[in-house]
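**Student:** Please see the structure below; I have some questions.
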Protein chains: 2
Amino acid sequence: MSELHSEYTKEGQSIHALVVELTFTFFKLRSSGDSQYQKYGLSSGRMALMRSLFSGGPQTVSAIAASRPVARQGIQRMVNAMVKDDLLLLAENPRHKRAKLVELSAAGNALYRQVLKEEIEFMNTLSEGMSSGSINECRNLLVQLRDKLALDDST
Amino acid sequence: MSELHSEYTKEGQSIHALVVELTFTFFKLRSSGDSQYQKYGLSSGRMALMRSLFSGGPQTVSAIAASRPVARQGIQRMVNAMVKDDLLLLAENPRHKRAKLVELSAAGNALYRQVLKEEIEFMNTLSEGMSSGSINECRNLLVQLRDKLALDDST
DNA sequence: GTAACTTTGACAATGCGTTGTCAAATATGA
DNA sequence: TCATATTTGACAACGCATTGTCAAAGTTAC
């Protein structure tokens, strides 16, 4: 601890500690997810993509990218690879000749549902002993934090 | 929403929502941090490394890597680059001929303190309107979550 | 002391994200 | 309509993390 830390307000200090913990928890969560996914040849990125298609229906690459903090070209590359793996299909888009609609193939849909099922069980296990009230309060605070960040920069 | 979601317990559903929000908040936080750091030629990774050295004192590359969820060779590469940029120094290690002690140079220390100062102000701003009690509760819940993850896998 | 094991830094390959460029397709507006 | 601007996918280059391999340095056990 340096003397600089005395410039923190009490709340500022708490937020800093929260940010540090959030970072550790995020990495832990992602590596835990990846180790669950890898036995199906999936990754966190591929799962997130399938999740978007499963809940949002067929969409263009641009639309998928716009709904998440990832670059359009990253999604494009991922989609191309997953089409090759027969997890996704490209359907004609009546509104745009080049921008095809990306959708889950039958195999992709089945795989996603399988993994989602495991994921739900995992979340249920993780939440044992916690109250949904305190979990929701925590989430609300993160939303609040993120909203403040959105004001701060134009990312 | 698919029929699969009915397999969630109430708490499981909440945890899932929390995990989604946590992910968004993490990315927002990191990009916000990076845009603050870049005017000093730094990145989140470099800042984290300097933070370790500032608070933990001179350490070997291996020790730094062991204290965070990053690979040893990633730290090694970063250290080599930052030594070239005169932000870090390699001091002789009496206990090991090859494993030098990494420490902040005078320039690195000054730069870190400058950025830290801005960061503290930023955290103070972010926390305005929040109670340190609710922030700490949120952090405690994340700690609890991370502990459960640690049990689950051996990452 | 010495043989076997582990830790460490250099080097290389790879994975997966980013950005930039370009041409085709589309949208906009005078 | 037609000129201009934007969106889109392919391609390339790069950034920054990972893993694996190897030889030098250090540790441990006998």
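The values are calculated or read from the model by the stated rules, or taken from the named source; none is laboratory data. In this text, all values refer to a predicted model and were calculated from it rather than measured experimentally. For neighbour counting, all protein chains shown are included, and Cβ atoms are generated from backbone atoms with ideal geometry for every residue, glycine included. Note: areas computed on protein heavy atoms with side chains; ligands, DNA, RNA excluded. Shrake-Rupley method; radii C 1.70, N 1.55, O 1.52, S 1.80 Å.
**Student:** Can you work out the FRET efficiency for the pair B:E3 and A:E92, with r the C-beta to C-beta distance and R0 = 30 Å, to the nearest 0.05?
**Tutor:** My answer for the efficiency is 0.55.
**Student:** Could you work out the mean count of beta carbons from other protein chains within 10 Å of each residue's beta carbon in A:38-49?
**Tutor:** Per-residue shielding by partner chains comes out at 0.
**Student:** In nm, one decimal, shortest first: how far is the label point of B:S134 (7 Å from Cα along Cα to beta carbon) from the matching points in the other copies?
**Tutor:** 1.7
**Student:** So, one more: Taking a label point 7 Å from Cα toward Cβ, how far is B:R95 from its twins in the other copies, in nm, shortest first?
**Tutor:** The answer, with the shortest distance listed first, is 6.3 nm.
**Student:** Anyone know which of B:S44, B:S134, B:S55 comes out most mobile in the 10 Å Cα GNM of chain B?
**Tutor:** So, out of B:S44, B:S134, B:S55, the one fluctuating most is B:S134.
**Student:** Same structure again: Can you compute the charge dipole magnitude of the stretch A:40-116 about its Cα centre, using +1 on each Lys and Arg Cβ and -1 on each Asp and Glu Cβ, nothing else charged? Give it in debye, rounded to the nearest 20.
**Tutor:** My answer is approximately 260 debye.
**Student:** Under the convention of a label 7 Å out along Cα→Cβ, give the distances in nm from B:L4 to the same position in every other copy, shortest first.
**Tutor:** 4.6
**Student:** Still on this model: Assuming R0 = 22 Å, what is the FRET efficiency of B:A17 and A:S62, from their Cβ-Cβ distance, to the nearest 0.05?
**Tutor:** That pair, B:A17 with A:S62, gives E of 0.25.
**Student:** Tell me the trypsin sites (Lys or Arg not before Pro) within the stretch A:52-101 that lie in a loop according to DSSP and have at most 13 other beta-carbon atoms within 10 Å. Please list the in-between numbers first.
**Tutor:** Numbers: sites: A:R72, A:R77, A:K84, A:R95, A:K97, A:R98, A:K100; in loops: A:R95.
For trypsin sites (Lys or Arg not before Pro) across the stretch A:52-101 that sit outside H, G, I, E and B with at most 13 neighbouring Cβ atoms in 10 Å, the list reads A:R95.
**Student:** Any chance you could give the angle, 0 to 90 degrees and rounded to 10, that helix B:132-152 forms with the longest Cα principal axis of chain B?
**Tutor:** Tilt relative to chain B: about 90 degrees.
**Student:** In nm, give the distance between the simple-model label positions of A:K84 and A:L151, each being 7 Å from the Cα along the Cα-to-Cβ direction.
**Tutor:** 4.6
**Student:** Right, something else. Return the carbon/sulfur percentage of the accessible area of the stretch B:15-120, one whole number, probe 1.4 Å, all protein chains in place.
**Tutor:** Its accessible area is 54 percent carbon and sulfur atoms.
**Student:** Still on this structure, please answer the following. So what is the calculated 222 nm ellipticity per residue for the protein assembly as shown, using -39500 (n - 2.57) for each DSSP H run with n of 4 or more, over all residues, to the nearest 500 deg cm²/dmol?
**Tutor:** -22500 deg cm²/dmol
**Student:** If R0 is 22 Å, what FRET efficiency do you get for A:S44 and A:N140 from their C-beta distance, rounded to 0.05?
**Tutor:** Calculated transfer efficiency: 0.35.
**Student:** For A:Q73 paired with A:A110, estimate the spin-label separation in nm (one decimal), with each label point 7 Å from Cα along the Cα-to-Cβ line.
**Tutor:** According to this spin-label approximation, the distance is 3.6 nm.
**Student:** Compute, for chain A, the length of the dipole vector about the Cα centre, with Cβ point charges of +1 (Lys, Arg) and -1 (Asp, Glu) only. Units Debye, rounded to 20.
**Tutor:** That gives chain A a dipole magnitude of about 880 debye.
**Student:** Right, next: Please give the average number of partner chain Cβ atoms lying within 10 Å of the Cβ of each residue in A:113-119, rounded to a whole number.
**Tutor:** 2
**Student:** Turning to a different aspect of this structure: Return the average number of partner chain Cβ atoms within 10 angstrom of each residue Cβ along peptide A:28-37.
**Tutor:** The mean count of partner-chain Cβ atoms within 10 Å per residue comes to 5.
**Student:** Mind checking which of A:G133, A:G108, A:G56 has the largest fluctuation in a GNM of chain A, springs on alpha carbons under 10 Å?
**Tutor:** Per the Cα network of chain A with a 10 Å cutoff, A:G133 tops the list.
**Student:** Would you mind giving the total buried accessible surface between chains B and A, with a 1.4 Å probe and ligands, DNA and RNA left out, rounded to the nearest 100 Å²?
**Tutor:** Buried: approximately 6600 Å² between A and B.
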